[in-house]
1. Mind checking which residues of the stretch 90-103 are more than 17 Å from PRO40 (Cβ to Cβ) and either touching a helix residue (DSSP H, G or I) at 6+ places or on another chain (Cβ under 9 Å) or among the basic types (Lys, Arg) (or both)?
2. I'd like to verify a number: residues in the stretch 22-46 that are open to solvent by less than 90 Å² (accessible area, probe 1.4 Å) and at pLDDT 65 or above, how many?
3. Can you give me the number of residues within the stretch 57-68 that are open to solvent by less than 20 Å² (accessible area, probe 1.4 Å) and over 16 Å from LYS125 (Cβ atoms)?
4. Can you tell me which residues in the stretch 148-182 are touching a strand residue (DSSP E or B) at 6+ places or on another chain (Cβ under 9 Å), modelled with pLDDT under 85 and in a helix (DSSP H, G or I)?
5. Can you tell me which residue within the stretch 142-194, out of those that are of a type in the set (Val, Ile, Thr) and crowded, with 16+ Cβ neighbours inside 10 Å, is farthest from TYR67 (Cα to Cα)?
6. Sort out for me the strands (runs of 3 or more DSSP E) sitting completely within the stretch 69-140 that have 1 or more residues that are surrounded by 22 or more Cβ atoms within 10 Å (Cβ to Cβ).
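The values are calculated or read from the model by the stated rules, or taken from the named source; none is laboratory data. Only a predicted model underlies this, so the values are computations on that prediction, with no experimental measurement involved. Note: ideal-geometry Cβ built from the backbone for every residue, glycine included; neighbour counts use all protein chains shown. Protein only, heavy atoms only, side chains kept; ligands, DNA and RNA dropped before computing areas. Shrake-Rupley method; radii C 1.70, N 1.55, O 1.52, S 1.80 Å.
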Amino acid sequence: IGFYIADAMGHGVPASLLTIFVKKGVRAKEITGKSYRLVPPNEVLARLNIDLIDQQIPDLPFITMAYMLFNVQDRTMQFSRAGHPYPLYIPKVGKPDFWQLEGSLLGVFETQYRQQERQMNPGDKLLLYTDGLSEAMNADGKRYGQENIECWFAASAVRCRTAEEVKAALAEEIKRFRGTRPLNDDQTFLTVTNHTAT
């Protein structure tokens, strides 16, 4: 299973068109040849990056992206990122692991993207998100912050069993922090868990 999260900088028509371009680009590059082999995440990002550069569109907004490939048979994950906030990984046993894998924004300059691979064991949880979470503001104008996301996920995700439970708990946490203040940016996140049905 391939899944990704992306965030275009800016608003309006240019950002919307860029989002559509990237979405279609991912679908076109996820599979190669008649064998339907899923392309590794770092290759998907590299190909998308070259396509965006080749467009040579003036004032094209930048876009960040995190892409992951999950093998449902052996429970391994391959991950790569392009300027996007790094993912937070909480193993069932052991300390939280915040993957600080480097990777440049898409559409800036030609580059290679690194990739990590790891096993997702039963009880492990993963969070991918846009910077709208860390930049969420409360009524006093204070930002939620990266550190709060890390602390909340490390302390709270272990009490959740499914991805749905993690999603609901995090949404409630951000809502509690914001209070009556309206959204100042989109807040998008993706949770993944490896749990056994009961």
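1. The answer is ILE90, LYS92, LYS95, PRO96, PHE98.
2. The number of residues fulfilling the criteria is 12.
3. So the answer is 4.
4. ALA154, ALA157, VAL158
5. ILE174
6. Values: elements: 76-82, 88-90, 116-119, 125-129.
Those strands (runs of 3 or more DSSP E) span 76-82, 88-90, 125-129.
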